[in-house]
Amino acid sequence: MNDHLDSVEEPTAEELATLDALLSRPDLWDELPMGLEQSIVAAISAEAGTVVSLADRRTERQARRSIPWWASAAAAGVLIVAGIAIAVQGSGTPELAGTLIELAGTDLAPSASASATATATPAGLKLILDTKGLAGAPDGFMYEAWIGNGTIRVSAGTFHLRGGDGPIELWAGVDDPAFTILSVTLEPIDGVAESSGQAVLKGEIPK
C-alpha cells in the first residue's frame, strides 16, 4: 500500500493554478438561502413541539458534560422516589392504609404474639404479619390467616413458619370496614376450605 501511495505524483504548479481558478469562479457556487439553519432546526424541533436554536442545543450539551455522573444518578434517584410517592398518594388507599394490628396468643399458643400492618390496595388488603414465639406448623399442618366480622371469615393466605420467624406477606380479597378481626388458625392440610376454628393468634383491627 505504501508503495502505491509513493507512486502517486504530486500535482504540478500549473495544475494547482488551474484548480484554484476553477474554484474561484462564482458561477460554480450557489449561495445558501437565508435562514437555512433555522429552517432545519425548526423542522427537527417540530417533532418535539418546540423550536430550539443550535446555540441553545450546544449550550445544553456543554451543561450536561459539566454535570458529574454521580449528580445525574442522584437526580434520577430523586425522580424515581418522587414518582413512587406521587403514585402512592394518588392511589386513593382506603381507611385501612398503614393500620397496625396487634395480635395476642390464645390458649393454644399462650407465649405467641404478632403484629400486622394492613394496607388497602386496588388488588385487595395487603397484610405484613410479623410473629413472635409461634412455633412452626407441625408436618401435615399449616397456619392460615383470616379477616372476619365475628360471623363471616375470609382467608388471607397460608404459611408454615418451619423456617423460623420473619415477616409474612398475606393478601385478603376484602377491605370492608365491617371486617374487624384478624386471626390465625392451625389448619390440617386436608383440602377443606373452612376454618378449623383452632385460633392461635387473634387481634382487632383498629377503627
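Every read-out reported here was derived from the displayed coordinates using simple, explicitly stated rules and does not represent laboratory data. Computed from a predicted model, the values in this text were never measured in an experiment. Note that we place each Cβ from the backbone using ideal geometry, even for glycine, and neighbour counts take in every protein chain shown.
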Quiz prompt | Local net charge near Ser183, Cβ-Cβ under 15 Å (Lys/Arg +1, Asp/Glu -1) | solution = -4
Quiz item: Given the Cα-Cα distance of Ser115 and Ile128 and 0.36 nm per residue of separation, how much length would full extension add, in nm?
Solution: 3.9 nm
